[in-house]
Structure formats: C-alpha cells, structure tokens
Amino acid sequence: MTETQLSEEEVIHCVGCGAVIQISDKEKIGYTPSGALKKGLEKGEVYCQRCFRLRNYNEIQDVSLTDDDFLKLLNKIGTKDALIVNVIDIFDFNGSLIAGLQRFVGKNPILLVGNKVDLLPKSMKKSKMTQWLRERAHEAGLRPIDVMLTSAVKQHEIEQLKQTIEKYRDGKDVYVVGVTNVGKSSIINAIIQNSAGIKDLITTSQFPGTTLDQIEIPLDDGKAIIDTPGIIHRNQMAHVLGEKDLKLISPKKEIKPKVYQLKSKQTLFFGGIARFDFIEGEEHAFTCFMSNDLNIHRTKLENADDLYLRQVGDLLQPPRLDEKEGFPPLVRHEFSIKEKSDIVFSGLGWVTVQKPGAIVAGWAPEGIDVVIRKSIV
C-alpha cells in the first residue's frame, strides 16, 4: 500500500456506509486520511472520513458523485414511493439546478427548497423570490408540488421546513437531493438538531448508510429522511475560486445593498471575478446585492479592459495573485432593459437596473451564467 492508493488486492470497505475506502481524493466517496486508515486497520474497523465525522461530531458532509453515479441513484429513487426535496442555492439557481430531475424521479412529487433566505435584504419580498423560483423551475421542466424558502441557520425556518415536509410526504420516505455547495447537508444537520435538541443529539447508530453513501435519518413512523450525496456542477463559482475567495464572496449575514450613481460608459468590477458595464442610457442609481465583504471598484468603460489586465489579482481581488493563473476568462453577456430588472451573476448576487431603455453588460468567468430577470426588490 502506497501513500496515494490502495492496490486492487487491498480493497477495504467502510464499516459505516460500505463505500470502498480510498486515500487519494478527499472529494470522492470513501476517502479517509492514510493515518486514519492505518489506525483503523489496527483496530479492525475502518471508517471513511464522512462516517467518522458523523459518528464523532454528528456532522454530515457533502460527498460528490460522478454524473453517471448520480443518475443511477436518481433512477433508483424513481422506483421508490417518496417525497423528493430538491435543495437549491437562492444565489445560484442555474448552477444548482439538476437537469432532467423531473423525469428521473418518476411520479414522485418534488418540493423545491431555496436555501439561504436569511441572507436576503429585509426589503426583499419573499413572495417575489418564491414566484421567481417557481417560474425558473417551470422553464427548466420542473413541476414542484410547492416552492419554499428556508435557512439552515434559522431554527424557525427549519421548523417550517419540517412542517412542510410532513405535509407533503404523506407517510412516505423523503429523499433530499442537490448539487454540492448548496447547503443541503447544513439543512440536514439543522433538522437533526431541531428534532433532537442541542443537549440530546441523535446518536450515530441511528444513521444506517448504503454503498452510495446515503445517510438515513429515522422518522417516528418508521420511514426516513435520506440524505443523498451531492452532484458536482462545473458551472458553479465553487469550481473557479479557491476556498478563501469562495468564503469571501459567499454572504454570511444579511446583505447590505450598495448603491452606485452611474453615467453611461461606466463599469463596476466585483473584485476580479465579475464586471458590470453601463453602456447606454440615462444616468441613475444601480443597486448591488452581493457579499458585504466583496470589494467593488468603479472605473470608466474605456479603461476597463486595460485595468483588468493590469490589476486582476491585485487591486481586483478575488482571485488572489497566486490563483489568477488558472482563472477562466470573463465572458460578456449584453442586455437591453425594458423594465426594472436584475442582472444576476450566478453564485455571486445581482445588480438592479432601475430604468428602462438602458443597455448593460454583465461579465462572469467562462461557464458561469449571467441572466436577466424582473426585479424582485
């Protein structure tokens, strides 16, 4: 056995979930550090890192699957009689959408849950956001039985989610699905805490696993909430930024909108990861809804390209200097504004354009969506 791989003759399965143990890729199923593997072999009990953290800290971690593995899992779910809870990121709808989910889950109803509602400004009407999510879901071929907003960090929101799940599951199992980085496991952990209480956390023996590394949380009627591994979407901000930069652009508390009075031919840079051009139109206020920690830099449109080339990774961060080498090029998306609208940068936030008649452009890393929607503020 080397430090990077296990030989075929040394296939070891996790005692907790049955996954094949591997020590080469911590993002994949069955990962355990080589030191932990050695200790486990000495004890005769080897656990993957996910099961270890679940057993010792009641912490559920996302585990990613390949597209093929995930489709196999979805096909299996389609043969069950269950409620499907599809968790998405309010700030990254396009990046957290699972293409074709409706046809894979068969006749099972889908409850669409937008996470991170606690980060939205208080001025924002939740009813508008819920309606927008419903419309986008319909455009993508999803027909959810209901759409709701929740927050993994707010207990009253989790309580409401539990009640909604109970309303629609009708005595069935519940499968929670979602792509990586949407907060799915945080919601599962919050449900555990809400159900069991801080002083009496559910013990790990109550969480059986399967070879696909599902985690089952038992319900009072003998059914279960089943946490499934997250699928990787390469068009998420999480795959173009390092961990520190991802934390910087991910809001941690309620967003405080920033207002900029712009004339035509002016540009706003959001660090070095996105850009907004006001190309043509009447001078007016533009409102930015993004992480409070993200630096926004204003310049003239005519200087924008040169500024980016010279300052990305320095004045314009993120990305950081040591990470800009492999950072994707920014791609331009132009929009003609016909009503008060939001220009949405997937996984980052949005800019509200107040007045019709404006022509604007949003730039984002290659593969990351920039879309327009009717303003939700």
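The values are calculated or read from the model by the stated rules, or taken from the named source; none is laboratory data. This structure is a prediction, so every number in the text was calculated from the model and none was measured. A quick note on method: Cβ atoms are made from the backbone with ideal geometry, for glycine too, and the neighbour counts reach across all protein chains shown.
Odds and ends about this structure:
- If only residues of the stretch 213-228 that are in a loop (DSSP other than H, G, I, E, B) and modelled with pLDDT of 75 or more are counted, the one that is nearest to the chain's Cα centre (by Cα) is Thr228.
- Every condition in (1) surrounded by 18 or more Cβ atoms within 10 Å (Cβ to Cβ); (2) among the hydrophobic types (A, V, I, L, M, F, W, C); (3) at pLDDT 90 or above is met by Ile145 except one, and the failing one is (1).
- Among the residues of the stretch 82-132, those that are hydroxyl-bearing (Ser, Thr, Tyr) and part of a loop (DSSP other than H, G, I, E, B) comprise Ser96, Ser123.
- For the stretch 325-377, a tally of residues being part of a strand (DSSP E or B) and either crowded, with 16+ Cβ neighbours inside 10 Å or modelled with pLDDT of 90 or more (or both) returns 27.
- Subset of the stretch 255-291 (residues that are among the aliphatic types (A, V, I, L, M) and either closer than 14 Å to Gly362 by Cβ or part of a strand (DSSP E or B) (or both)): Val259, Leu262, Leu268, Ile273, Ala274, Ile279, Ala285, Met290
- Just so you know, in the stretch 41-55 the residues that are surrounded by fewer than 20 Cβ atoms within 10 Å (Cβ to Cβ) and either farther than 22 Å from Asp227 by Cβ or in contact with a helix residue (DSSP H, G or I) (Cβ under 8 Å, 6 or more places away or on another chain) (or both) include one that is modelled with the lowest pLDDT, and it is Arg55.
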